[in-house]
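**Student:** I am attaching a structure below and will ask some questions about it afterwards.
The values are calculated or read from the model by the stated rules, or taken from the named source; none is laboratory data. Everything numeric here is computed off the predicted structure, so don't read it as measured data. No Cβ is skipped: glycine too gets one built from the backbone with ideal geometry, and neighbour counts run over all protein chains shown. Accessible surface is based on the protein model in full, side chains and every heavy atom, while ligands, DNA and RNA are left aside. Shrake-Rupley method; radii C 1.70, N 1.55, O 1.52, S 1.80 Å.
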Amino acid sequence: GATKHGVIGASYRKMWDGIAGGPQTTLVFGSGYLKSAKIGIGGYLYNDVTGPTKRTGIQTSYAYHIPVKNGDASFSIGLEARFQQFSIDKAKLQESLGPNDPVLAGADSRFKGDAGFGVAYNGKKFQIGASVSQLIQTKLDFYTGNLSHTEEARLYRHYFLHSNYVWD
């Protein structure tokens, strides 16, 4: 909703063509702006495959826009909700990990949720913002047994800063 008009699109990316297990990403996205409520909404569906791992999910976002300077600019506060399924193809890992690896004793897939938060200033020619994704740092729990905290698989926080300026 930052652009104050609707956007819809799709993307497909396949890397390392000709090499088995190369990264492959497919996504469909969209966003819109509800002027009367001063909110932006958006989301995307995605499927990301890299070798033996796969992530499939949906991410939704909501932003409230506060007008600044007679409507020429706005300050935005946003929330994100993400639900995703993580999968591991154990057959592709069995040779390299060995039969006693704790990953092979765990589940093939996990369904997890997480959240994010962000703020932004949007002017006519200038934009700046900051956000954090995977705020909850959800544990994936693929391992079994007595493993230390450093060996846990989890969604670690990602911090983002962005800005842009439009020159005539």
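**Student:** Rank these by accessible area, largest first, 1.4 Å probe: ARG154, ARG110. Let's see the in-between values first.
**Tutor:** Values: ARG154 45, ARG110 70 Å².
Largest to smallest exposure gives the sequence ARG110, ARG154.
**Student:** Take ASP114, ASP168, ASP108, ASP17 and sort them by solvent-accessible surface of the protein heavy atoms, 1.4 Å probe, largest at the top. Can you show the working numbers first?
**Tutor:** Numbers: ASP114 10, ASP168 170, ASP108 90, ASP17 130 Å².
The ordering from most to least exposed comes out as ASP168, ASP17, ASP108, ASP114.
**Student:** Hey, what's the range 15-80 come to in accessible area per residue, 1.4 Å probe, Å²?
**Tutor:** Numbers: 3920 Å² over 66 residues.
Dividing the accessible area of the range 15-80 by its residue count gives 59 Å².
**Student:** Find the lysine pairs in the chain meeting two conditions, Cα atoms under 24 Å apart and a separation of 8 or more places or different chains, and report how many there are.
**Tutor:** Lysine pairs, 8 or more places apart or on different chains, close enough: 25.
**Student:** Moving on to the next point. Could you work out the Rg to Rh ratio of the chain, with Rh taken as the Kirkwood radius (inverse of the mean 1/r over all Cα pairs)? Can you show the working numbers first?
**Tutor:** Numbers: Rg = 19.9 Å, Rh = 18.5 Å.
Checking Rg against Rh, the ratio lands at 1.07.
**Student:** Now a separate question. Which cross-chain or sequence-distant (5 or more) residues have an amide H under 5 Å from the amide H of ILE136, H modelled 1.01 Å from N in plane?
**Tutor:** Excluding prolines and chain starts, which carry no amide H, the hits are ALA115.
**Student:** Rounded to the nearest percent, how much of the accessible area of the chain (1.4 Å probe, protein heavy atoms only) is carbon and sulfur?
**Tutor:** Details: 6500 of 10950 Å².
That share works out to 59 percent.
**Student:** Among LEU161, ILE66, TYR46, pick out the residue whose Cα is farthest towards the positive end of the charge dipole of the chain, where Lys and Arg carry +1 and Asp and Glu carry -1 on C-beta, about the Cα centre.
**Tutor:** ILE66
**Student:** With only alpha-carbon atoms in the gyration tensor, what are the semi-axes of the equivalent ellipsoid for the range 1-42, in Å, largest first? Write out the running numbers ahead of the final one.
**Tutor:** Working: eigenvalues 243, 10, 7 Å².
Ellipsoid half-lengths, sorted descending, are 35, 7, 6 Å.
**Student:** Loop only by DSSP, 11 or fewer other Cβ within 10 Å of the Cβ. Give me the trypsin sites (Lys or Arg not before Pro) in the range 1-38 that pass, ordered by residue number. Mind dumping the intermediate values first?
**Tutor:** Values: sites: LYS4, ARG13, LYS14, LYS35, LYS38; in loops: LYS4, LYS35, LYS38.
Sites meeting the loop and neighbour criteria: LYS35.
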